[in-house]
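First comes the structure, then the notes that go with it.
The values are calculated or read from the model by the stated rules, or taken from the named source; none is laboratory data. Keep in mind that what you see is a predicted model, and the values were worked out from it rather than measured. Heads up, the Cβs are rebuilt from the backbone with ideal geometry, glycines too, and the neighbour counts pull from every protein chain shown.
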Amino acid sequence: MRPILTSTALKTGALAVAAFALLSPLAGGPPAGGLSGTLGGPQAAKIQMVFIEKATGTFPATSGVVIDQKNIKYTPHLSAVVAGSTVQFKTSDAQLHNIYLWQEGETLTNTAMPPGSPLVSVKLDNPGPVRITCVVHKEMRAWILVLQNPYFAEVKEGKFAIPALPPGKYNVKVWGEKLDDAGLAKTFPLEVKAGGVSDFAIKL
């Protein structure tokens, strides 16, 4: 199971990453470390997710991601999954909703969901942010960040932690729905050794 680092499943996701590390081919090599750190700079408050841009290996799809439409909101507002994952949508509202997903100008689904609708499944194959809106209720918005690997973390109070990150050299990136293009494009070089890296400061 791939980690789903959302406000409703952060602890479960962290355990899933650790379990994957034990089962991966890297388990016989150097012990996995981890990454934790803080955010700083003028745009720090806009950063919602920290992730490893690319990691060696092939990673299973994330499972168990369900986004609810409740009280005229998408819950959770932000999710992250590995490319190739399937996300499910449900509705708990008495109102008509419509899930409209698009990525880089391409519509992935535009599906009406009346009250009592069954789950709607959408497969996400390509890395990158996916925007979710509702045609009926313009104020309803959410995001899914589709990534190449499971090494990502949602920012909590200016801090982040990615457990079980194998030793190696990486580029760390950040994402936030209000970040400018320069912030989204910036990379932060990182070398992880056995035992991990703590106090990794990202300034943007």
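Some values worked out for this structure:
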item: Qualifying positions in region 138-163 - of a type outside the set (A, V, I, L, M, F, W, C) and either out of contact with any Leu (no Cβ under 9 Å at 6 or more places or on another chain) or buried (at least 21 other Cβ atoms within 10 Å of the Cβ) (or both); result: LYS138, GLU139, ARG141, GLN148, ASN149, PRO150, TYR151, GLU154, GLU157
item: Failed item in (1) surrounded by fewer than 19 Cβ atoms within 10 Å (Cβ to Cβ); (2) touching a helix residue (DSSP H, G or I) at 6+ places or on another chain (Cβ under 6 Å), with PRO166 passing the rest; result: (1)
item: Candidates THR111, THR86, THR62, THR38, filtered to the one that is out of contact with any Asp or Glu (no Cβ under 7 Å at 6 or more places or on another chain), under 20 Å from GLU154 (Cα atoms), free of Cβ contacts under 8 Å to residues at least 60 places away in the same chain and of a type in the set (Ser, Thr, Tyr); result: THR86
item: Region 169-204 - residue that is in contact (Cβ under 8 Å) with a residue 24 or more places away in the chain and basic (Lys, Arg) and, of those, surrounded by the most Cβ atoms within 10 Å (Cβ to Cβ); result: LYS173
item: Residues located in region 91-105, provided they are surrounded by 15 or more Cβ atoms within 10 Å (Cβ to Cβ), under 25 Å from GLU154 (Cα atoms) and not hydrophobic (A, V, I, L, M, F, W, C); result: THR91, TYR100, GLN103
item: Matching residues, region 131-149, being within 13 Å of THR62 (Cβ to Cβ) and either polar (S, T, N, Q) or touching an Asp or Glu at 6+ places or on another chain (Cβ under 9 Å) (or both); result: VAL146, LEU147, GLN148, ASN149
item: Check on LYS54, in a strand (DSSP E or B) and at pLDDT 95 or above; result: no
item: Condition broken by ALA182, with the remaining ones in (1) over 22 Å from TRP102 (Cβ atoms); (2) assigned to a helix (DSSP H, G or I); (3) touching a Lys or Arg at 6+ places or on another chain (Cβ under 8 Å) satisfied; result: (3)
